[in-house]
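Contents: one structure, followed by commentary.
The values are calculated or read from the model by the stated rules, or taken from the named source; none is laboratory data. Because the structure is a prediction, the values reported are computed rather than measured. Please note: Cβ atoms are built from the backbone with ideal geometry, for glycine as well, and neighbour counts cover all protein chains shown.
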Amino acid sequence: MARRGHGKKLSYYQQGMTAIFASQKDQRFSYGCYVPESYDEDGTNDYPLTVLVHGSTRNVDMLRHQFREFAETHQTIVLAPLFPCGIVIPGDMHNYKRILFEGIRYDLILLSMVEEISALYRIRGDKFLLHGFSGGGQFAHRFFYLHPERLAGVSIGAPGSVTLLDDNKPWWVGTGGMEEMFGHAPNIDAMRRVPVQMVIGGDDIETWDIIVAENSSSWMEGINDSGANRIERLRRLESNFLTHGIAVRFDVVPGVMHVGSQMHPAVQAFFSSLLSGSRNG
């Protein structure tokens, strides 16, 4: 990937905790970044990229704030996309979680944001770290199926529903029909080369928000079969990955319910090990 991010002068609003900017690919969507204070437009070093995908509450400012110290310590630029509720269908909460929704490819929206900020900052954007919690965890593992070659590591946090690597089950219960929908099937060999973390609270057993009713727009045959709660569902996904030779680091945070911020120390420890390894390598 060609080096970019040169010849532009950053404004005040493009530094540190940046303003929220509309995506130039599709202005229904937007993003914010955190840029380390030491960033020098005239420097020569490129920065790794960490992408944080929100859950249903779309708390992008909180996410960036909570990874601020991590970004400074590891000199990584943070990108937090914002996929608003109610796109196309008023009141809809789930759109981005499914990757393909009402003709919108949310995976490609994210990749366009990566390209956009790579034209502004000195970013190693060919591969990036990706974390998502809850709805973001749904997005993260489905993005992983489509673009493993773009990931330096993926952290899957407490998804309410999971997509299993199973061509006998249709998307998004399984991976059946992916080639027709997305142009290619999952590249299992490439997935095996990506470090994977699954992370969840030890008390994340509430079910009110994850059981899909038959009258729901999210209903599919088998959608509730992977487990009674998020822990069981994530363990089922782990087992599915292991069956396909994909190694998994499974972190349980004791005494914690469905609270994404309390997963962050485990996520940051995982990402720190990957960033330290890339520097040492």
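Residue pairs whose Cβ atoms lie under 7 Å apart, sitting 6 or more positions apart in sequence or on different chains, and linking a residue in the stretch 218-243 that is over 13 Å from Val199 (Cβ atoms) to a partner that is small (Gly, Ala, Ser) and loosely packed, with under 15 Cβ neighbours inside 10 Å, are Trp219/Ala213.
When the residues of the stretch 198-222 are narrowed to those that are aliphatic (A, V, I, L, M) and buried (at least 19 other Cβ atoms within 10 Å of the Cβ), which ends up nearest to Val173 (Cα to Cα)? Steps first, answer last, please.
First, pick out the residues of the stretch 198-222 that are aliphatic (A, V, I, L, M): 198-200, 205, 210-213, 220.
Checking the rest, the ones that are also buried (at least 19 other Cβ atoms within 10 Å of the Cβ) come to 198-200, 210.
Working: Met198: 18, Val199: 20, Ile200: 20, Ile210: 14 Å.
Here the answer is Ile210.
Meeting the requirement of 2 or more residues that are within 11 Å of the chain's Cα centre (by Cα) and modelled with pLDDT of 95 or more, the helices (runs of 4 or more DSSP H) wholly within the stretch 47-147 are 106-118, 135-146.
Yes/no per residue for (1) among the aliphatic types (A, V, I, L, M); (2) touching a strand residue (DSSP E or B) at 6+ places or on another chain (Cβ under 8 Å):
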position: Asp126; (1), (2): no, no
position: Phe143; (1), (2): no, yes
position: Leu164; (1), (2): yes, no
position: Met181; (1), (2): yes, yes
position: Asp189; (1), (2): no, no
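Just one of the numbered conditions (1) among the aromatic types (Phe, Trp, Tyr); (2) within 28 Å of Leu234 (Cα to Cα); (3) buried (at least 21 other Cβ atoms within 10 Å of the Cβ) is not true of Phe70; which one? It is condition (3) that Phe70 fails. Can you tell me which residue in the stretch 83-99 is surrounded by the fewest Cβ atoms within 10 Å (Cβ to Cβ), limited to those that are aliphatic (A, V, I, L, M) and within 20 Å of Gly160 (Cβ to Cβ)? Per the criteria, the residue is Ile89. Just to be sure, is Val256 over 22 Å from Leu165 (Cα atoms), assigned to a loop (DSSP other than H, G, I, E, B) and in contact (Cβ under 8 Å) with a residue 40 or more places away in the chain? The answer is yes for Val256.
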